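Please treat every number below as a calculation from the coordinates, not as lab data. Note that the coordinates shown come from a computational prediction; the quantities given were computed from them, not determined experimentally. Heads up, the Cβs are rebuilt from the backbone with ideal geometry, glycines too, and the neighbour counts pull from every protein chain shown.
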Amino acid sequence: MAQLFPFRAYRYNPAKVDPARVLTQPYDKITPEMQQRYAASSPYNLITIEKGLTHAGDSPADNVYSRAARALDEWIATQVLVRDPAPAFYAYFQEFTAPGSVARQTRKGLIALGRVVDYSEGVVFRHEQTLSGPKADRLELLRHTRAHTGQLFMIYDDAANRVEALLDAAASAPPDMEVRDEYGVIHRLWRVAQPGKIAAIQSAMADKKLVIADGHHRYETALAYRNEQRVAHGITSPPASADAPYERVMMTLVNARSKDLVILPTHRVVAGLAQFDFGALRTRLIEFFDAREISPSGDIAQRATFAREQLAEAGRAGHSIGAYAGGDRLTIFTLKPSANLAATIPGASPRQRELDVVLLHSLILDKGLGITAEAVRAEQNLRYEREASAAISDVAEGRAQICFLLNPVRVEQVMEMALSGEVLPQKSTDFYPKMLSGVAIYRLED
C-alpha cells in the first residue's frame, strides 16, 4: 500500500541564515503583500523559489522559474542550504492556537518521501478537484528546479497511534529546527535517522491509504512530472524506474485520529447581485429550511464569536447555515427533516447531501440567489473568508450584500468521501495551520 522512504533533505543552514526570515507559507496562500514582505526580509528567502516576483523584462531565458533554479543552485553551492548527512524521516510538530480558540494544540506530522502513484491504484486519494492553471505553474517550476520545497499534507487512519508514538520519542530531544511564523505557530523539526525507527515507521504505514488534505495541485504536478520523465528516459515498464527520484514526492503525513487535526470552515461572501432582497430569499428557502433569528451584540469580533457558537449548537441538531445581511440580526437556517434532497439535488450523492457546503451551494446560492455552479467556478458574485468576523464586517460596512457562515467539515467526512472516490466542493476544507515551505527540501538528484 503506502510506500515511504527516508531521504537526505536540504535544509537552511542556521549558521548562514535565520530560519524565521527565510521560510514561507505555502505558495497558494501567499498574497502579493506577503510576496513583497518575504522578498524584503532576506535575499535567501524561499519566496525566490516558491513564488518569485515577476520582472518587467522577463523572457523565456530569464523569468521566475529560471531565477528559482539559479537561486537553488547558488544557495547549495554557498551552503545556505545544506544536505543532511544520512537519509532520515523528520518529525514535524506545529504548536498553535486555532482561530476562535484559546487552547494551545500540537499537530504531529511525519515528513517522508512517498511513492507517486496514480489514483487508480487505490493508495492515494483526493477530496477536491484541481484547476489547470496552478498545475501548469507548479510543473514549470518543478521542471526548472527539480525540487519539491513545499509539503504535501496527507492524512491516514491509525487508531493505534503507532507512528505518533515513534514521533513523540524523537521529540523528547531538543529540536533540530524551531521557528515561530507570522501567525504565532511554532514549527519544530527533528531528524529520525536510526535504521530501527525508520523500519518501524515504514512497517506501521505499509497498510495505510493516504488522503490528500492539502496539496492536490502539487500531487498531480508530481504525477505529470513522473510521466514526463518516464517518457524522456524511455521507461515502458514502470518497475524499471521504481527507484528513480521522480517516482517519489515529499509529503507530511498526519493521523486522521489526532485530536489536534483542525479543519476550519470557509465562509461565503456574496456581492454584486443586480437584485437582492433578503426577505424574498428567506421566503424562497421556506420549502427547505426553518429560520431562526439571533441578535449578536458587541463589536464585530464578539458578534462573530456569538454567531459561531450559536451555529455550532444548531449544527449538533441538524444541518445549519448562518446568514447575515446587515443590521443587528443574523439568521440560522436549519434543514427541515421533510426536505426531499434526493429529488431537489439529484446530481449530488447521498454522501454529498450530508455536507452543509453542498446544501449552501445547491439550495441557497443556486436556487435561492441564482448563483450557478458555473458562476461559482468563474468566481462571480462570490468570495471566500476564513474568519467569520471578516465576512460579517464585509456586509456591515457595505462591501457585500450577504455572507453565509458554515460549521467545519469533519475529518471523518473528508476521509469517507475521498476513500469512496467522491470529491467535496472547492473551498470546503481549511486545514489549520498551514505547513511552512522550506522546512525540508527534496531535490531530485540521481
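Structure values in brief
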read-out	value
Per residue, the convex hull volume that the Cα atoms of the chain enclose (Å³)	166
For ALA147, residues with placed amide H under 5 Å, excluding near neighbours	LEU444
Vicinal HN-Hα couplings computed from phi for segment 186-202 (Karplus, 6.51 cos²θ - 1.76 cosθ + 1.60; Hz; Gly/Pro x)	9, 9, 10, 9, 10, 6, 10, 10, 5, x, x, 6, 4, 5, 5, 5, 4
Computed E for SER172/ALA291 - FRET, C-beta separation, R0 60 angstrom, nearest 0.05	0.65
Top of ALA291, ALA232, ALA20 by mean-square fluctuation, Gaussian network on the chain, Cα under 10 Å	ALA232
Charge tally in the Cβ shell below 9 Å around ASP157, where Lys, Arg are +1 and Asp, Glu are -1, ASP157 excluded	+2
R0 of 22 Å, Cβ-Cβ distance GLN129-LEU419: FRET efficiency to nearest 0.05	0.85
Alpha carbon centroid spacing (whole Å) that separates segment 1-75 from segment 241-275	20
Radius, Kirkwood style, for segment 171-234 when every pair of distinct Cα atoms is counted (Å)	15.7
Net charge of Cβ neighbours under 14 Å - reference ALA9; Lys, Arg +1; Asp, Glu -1	+3
Residue-by-residue Karplus 3J(HN,Hα) for segment 217-227, coefficients 6.51, -1.76, 1.60, Hz, glycine and proline x	5, 5, 5, 5, 5, 4, 4, 5, 5, 4, 5
Cross-link table LYS108/LYS259; LYS108/LYS209; LYS29/LYS367; LYS51/LYS209, entries beyond 20 Å C-alpha to C-alpha	LYS29/LYS367; LYS51/LYS209
